[in-house]
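The values are calculated or read from the model by the stated rules, or taken from the named source; none is laboratory data. Worth saying up front: this structure is predicted, and the values here are computed from it rather than measured. Using ideal geometry, Cβ is built from the backbone for each residue, glycine included, and neighbour counts are taken over all protein chains shown.
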Amino acid sequence: MPGRILVVDDVATNRLILKAKLAAAYYDVLEADCGQAAFDAAKKEQPDVILLDIFMPDMDGYTVCEMLKSCPETSHIPVVMITANSSPRERIRGLSVGADDFLVKPINDMALLARVRNLLRVKMVFDELKLRDTTSRELGLTDFIETIEADDTEISSVMLVPASEAQGREWEEGISKALRVEVCGISSEREALNMARFEQPDAIIVHQRLMEDGDSLRLISALRARSETRQAVMIYVVSDGMIETAATALDLGTSDYVMEPFEPEELIIRLRTQLQRKREFERLRSNVRDGLKMAVIDPLTGLYNRRYATQHMQKIVERSQASQKEFAVMMMDLDRFKRINDTEGHDAGDLVLKEFSHRIQENVRGVDLVARMGGEEFLLVMPDAGNMVAKHVSERLRRAIESQPFITKSGNRLNITVSIGVAIGQPDGQDPNNLIKCADMALYEAKSAGRNLVSFHQAA
Ligand SMILES: [Mg+2]
């Protein structure tokens, strides 16, 4: 996984040491020797991670981090602060200005590289989702959906796997006071795996030492591998000095870690940051998913749209060639629909379209394709259906619309009818658009013959 890393330190020797470690792991390293240079380089070069010294003569690392995080061009770049000694208070101060982590000099290679890998992984997923979101927007796929904004008021569920019951109570008290969460405590690896499957927690906090039997690293790795907890936030709590265990946990997929002793506030800030990130990811994912759905679904009726239908018809043509079976194509058009919109209003018109779609779907098979081609025009394609089946089904559909009046919100009973044009597709690989045209011509005949009729296209 290649990545560009910006190393910021006022002392040249410190930059050299870091650069050597990172270059040995094949990272591309950029350097800056003061706060202002770091800010400029971050904007211009867009590194994937920034390693930031706290004590520098022009401005300290906290100020630089604050600047980076409040500038839209750099706010998404993860920052790791580097310091000679990190007290719990210092860590909280750094985390509050948006830093992702702290590393203490002399820097442990394994911890450094594991953290860089972890941050690169997260950033890569984020960049990819951002890109897809942008593409969906550019393609106009998101025009129909309401963009969901990240919602901070939502209640998150948090599962705790502490080292003792006392610690569990302490965590629970601190977290539930500060964040809108539902907390549940767990004491063993097995119980954690079972609970996670049913509760699907948003976040899981695991202590290195479990209260009962089990292995905390194995637990993290299993939770990450499962589909129910793959997207959950995971925070690993390690005992003092166990930096290499923390590094292993990061490589196994934990989102973040905290080292004892820590102030309760540190755990809360890290949890809050991770939960916000998860919500942002979910928002992007669902925008992309809904955008794709909207590209093929008609929002009013929930039926497939023209774009999907023409694409899918090609598949039906191919399948009919393979099976050597005919298939039926029907164009359906509500009679005098404009009049409904004019006299009853557009809400009533929409209601009729929805009810119509519903009745059609109730009268066809699961394998049949129903699509709204536009306005009051619908398409039905029935695989493995010849003249006989098509006659039977089209007549049933016509009656399903005619037999029951459509009731508007204001209680008006509307008598609606439909005209249907049918074409039978032969298993010879013909052009789907041509078949739709044939069905359309038959539909036109049904209309001119008086409406509320089924008409079959006569092959020349
Ligand atoms: Mg310095």
Strands (runs of 3 or more DSSP E) contained entirely in region 1-55, each with at least 3 residues that are within 16 Å of the ligand (Cβ to nearest atom) and in contact (Cβ under 8 Å) with a residue 24 or more places away in the chain: 4-8, 49-53
Residue match in region 137-153 (condition: at pLDDT below 85 and crowded, with 19+ Cβ neighbours inside 10 Å): yes
Filter pass, Leu6 being at pLDDT 95 or above and crowded, with 16+ Cβ neighbours inside 10 Å: yes
Region 56-82, residues that are in a loop (DSSP other than H, G, I, E, B) and more than 12 Å from the ligand (Cβ to nearest atom): Cys71, Pro72, Glu73, Thr74, Ser75, His76, Ile77, Pro78
Qualifying residue in region 421-444 (condition: touching a Phe, Trp or Tyr at 6+ places or on another chain (Cβ under 8 Å), at pLDDT 95 or above and not small (Gly, Ala, Ser)): yes
Long-range neighbours under 6 Å by Cβ, at least six apart or interchain, first residue over 12 Å from Leu353 (Cα atoms) within region 401-420, second of a type in the set (Ser, Thr, Tyr) and assigned to a loop (DSSP other than H, G, I, E, B): Glu402/Thr417
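A quick yes/no check of all residues on (1) touching a Phe, Trp or Tyr at 6+ places or on another chain (Cβ under 8 Å); (2) assigned to a loop (DSSP other than H, G, I, E, B):
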| site | (1), (2) |
| --- | --- |
| Thr310 | no, no |
| Gln321 | no, no |
| Ile360 | yes, no |
| Arg365 | no, yes |
| Ile401 | yes, no |
Among residues of region 68-114, those that are under 28 Å from the mean Cα position of the chain (by Cα) and of a type in the set (Ser, Thr, Tyr), counted: 4
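Please indicate, with yes or no, whether at least one residue in region 178-188 is in a helix (DSSP H, G or I), modelled with pLDDT under 95 and either more than 22 Å from Asp256 (Cα to Cα) or in the same structural domain as Ala222 (by TED's automatic domain parsing) (or both).
Initially, region 178-188 is screened for residues in a helix (DSSP H, G or I), giving 178.
Among the residues that remain, those that are also modelled with pLDDT under 95 are: 178.
Those still in the list that are either more than 22 Å from Asp256 (Cα to Cα) or in the same structural domain as Ala222 (by TED's automatic domain parsing) (or both) too: 178.
Yes, the conditions are met somewhere in region 178-188.
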Whichever residue in region 378-400 is in contact (Cβ under 8 Å) with a residue 60 or more places away in the chain and over 15 Å from Asp368 (Cβ atoms) and, among such residues, is surrounded by the most Cβ atoms within 10 Å (Cβ to Cβ): Lys391
Options Leu300, Leu267, Leu284, Leu334; residue that is in contact (Cβ under 8 Å) with a residue 24 or more places away in the chain, under 23 Å from Lys437 (Cα atoms) and in contact with a helix residue (DSSP H, G or I) (Cβ under 8 Å, 6 or more places away or on another chain): Leu334
Every pair of residues 6+ apart whose Cβ atoms lie under 9 Å, when the first sits in region 80-99 and is closer than 15 Å to Arg270 by Cβ while the second is among the polar types (S, T, N, Q) and in a helix (DSSP H, G or I): Leu95/Thr273; Val97/Thr63; Gly98/Ser70; Gly98/Thr273
Residue that is nearest to Val104 (Cα to Cα) [pool: residues in region 83-94 that are away from the ligand (no atom under 12 Å from the Cβ) and touching a Phe, Trp or Tyr at 6+ places or on another chain (Cβ under 8 Å)]: Ser86
Count of residues meeting criterion [in contact with a strand residue (DSSP E or B) (Cβ under 7 Å, 6 or more places away or on another chain), farther than 22 Å from Met124 by Cα and not β-branched (Val, Ile, Thr)] in region 32-83: 3
